Amino acid sequence: MPLQRDDVVVLFVPARPFQEYEVIVAHTEEVGARSVMVTDSLAPVFGTRLTVSLPAPLDSGVSEIWSSLLIADMILLALAAHDENRAIVSSELLTRLRETLTWQT
């Protein structure tokens, strides 16, 4: 499914800048879609090219991804509340797809 103008791209970006992030942000801009970046420190690198940046500070006492996982969970809960039937259908599809993922030996 191609990215469209009314889509939103959510990027989870740690402190390490990778070229892939630049490519995704550039493509998002090209299409005219919106972008949300969850990051501990790289929002200023992308600046106004992002629609929204959400800070996810690193916590030295917890896993590097804890803040990002919490934000992802909040985003998913908000989306699910917006369209409960679609969320249920999507969840069931994801479960079926995960069941097909097996290690082939």
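Computed from the coordinates by the stated procedures, all read-outs in this text should not be read as laboratory data. Here the structure is a predicted model, which is why all the values come from computation and not from measurement. As a convention, Cβ positions derive from the backbone with ideal geometry for all residues, glycine included, and neighbour counts pool all protein chains shown.
Figures for the structure shown
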read-out	value
Förster radius 25 Å - calculated FRET efficiency between S90 and E20 (Cβ-Cβ, nearest 0.05)	0.50
Fully extended contour minus Cα-Cα distance, from V45 to A33, at 0.36 nm per residue	2.4 nm
Principal axis box of the chain, alpha-carbon based, largest edge first, Å	39, 39, 36
Computed helical MRE - 222 nm, the chain, DSSP H runs ≥ 4 contributing -39500 (n - 2.57), nearest 500	-15500 deg cm²/dmol
Zone residues, the range 25-59, relative to Q4, backbone N less than 20 Å from point 7 Å out along Cα-to-Cβ	27-36
Environment charge of V45, counting only residues whose C-beta is closer than 15 Å and scoring Lys/Arg +1, Asp/Glu -1	-2
Low-density loop cleavage sites - trypsin sites (Lys or Arg not before Pro) in the range 1-60, where at most 14 other Cβ are within 10 Å (DSSP)	R5
